[in-house]
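Student: My questions all concern the structure below.
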Amino acid sequence: MTDKTELDRSTLLPLFGTGWKMAENKDALEKTFLFKDFKQAFAFMTKVADDAEDLNHHPDWSNSYRTVKVKLTSHDAGGLTKLDVDLARRMDKAAGY
């Protein structure tokens, strides 16, 4: 499991190139994933659920048909940590980025 140590903010820069952005009014990352159909969106969420369990770090997310909206932050740390970056990278990989 990845530890929740202080985040080197420069590690966020590559994520911005794949569509992640800083959330307004919160120390969090957010992204909207768009898939071909509901089945692909659900398969993505199932894969990411396994990754989240592996990291013991779970996203705030919602699904509507082929759209999955994600917000990542470490609630117990009061903001972004390495866990958020790790999960964002895994999400990008699961989505084929």
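The values are calculated or read from the model by the stated rules, or taken from the named source; none is laboratory data. Please read these numbers as outputs of a predicted model, since none were measured by experiment. When we count neighbours, we look across all protein chains shown, and the Cβ atoms used for this are built from the backbone with ideal geometry, even at glycine.
Student: Cβ-Cβ distance below 9 Å, separation of 6 or more or different chains: which pairs start in segment 14-28 with a residue that is exposed (fewer than 13 other Cβ atoms within 10 Å of the Cβ) and assigned to a loop (DSSP other than H, G, I, E, B) and end on one that is modelled with pLDDT of 95 or more and not charged (D, E, K, R)?
Tutor: Qualifying pairs under 9 Å: LYS26/THR73.
Student: Please verify whether VAL70 is within 14 Å of the chain's Cα centre (by Cα), among the β-branched types (Val, Ile, Thr) and outside any helix (DSSP H, G or I), treating the condition exactly as stated.
Tutor: Judged against the criteria, VAL70 is a match.
Student: Looking at ALA94, is it touching a Phe, Trp or Tyr at 6+ places or on another chain (Cβ under 6 Å) and either over 21 Å from THR11 (Cβ atoms) or not in a strand (DSSP E or B) (or both)?
Tutor: yes
Student: Oh, and also: In segment 58-81, what residues are of a type outside the set (Gly, Ala, Ser), in contact (Cβ under 8 Å) with a residue 40 or more places away in the chain and within 16 Å of LYS21 (Cα to Cα)?
Tutor: Across segment 58-81, the qualifying residues are VAL70, LYS71, LEU72, THR73, LEU80, THR81.
Residues checked against (1) farther than 17 Å from LEU87 by Cα; (2) surrounded by fewer than 16 Cβ atoms within 10 Å (Cβ to Cβ); (3) out of contact with any Asp or Glu (no Cβ under 6 Å at 6 or more places or on another chain):
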{"site": "PHE35", "(1), (2), (3)": "yes, no, yes"}
{"site": "THR46", "(1), (2), (3)": "no, yes, yes"}
{"site": "ALA49", "(1), (2), (3)": "no, yes, yes"}
{"site": "VAL68", "(1), (2), (3)": "no, no, yes"}
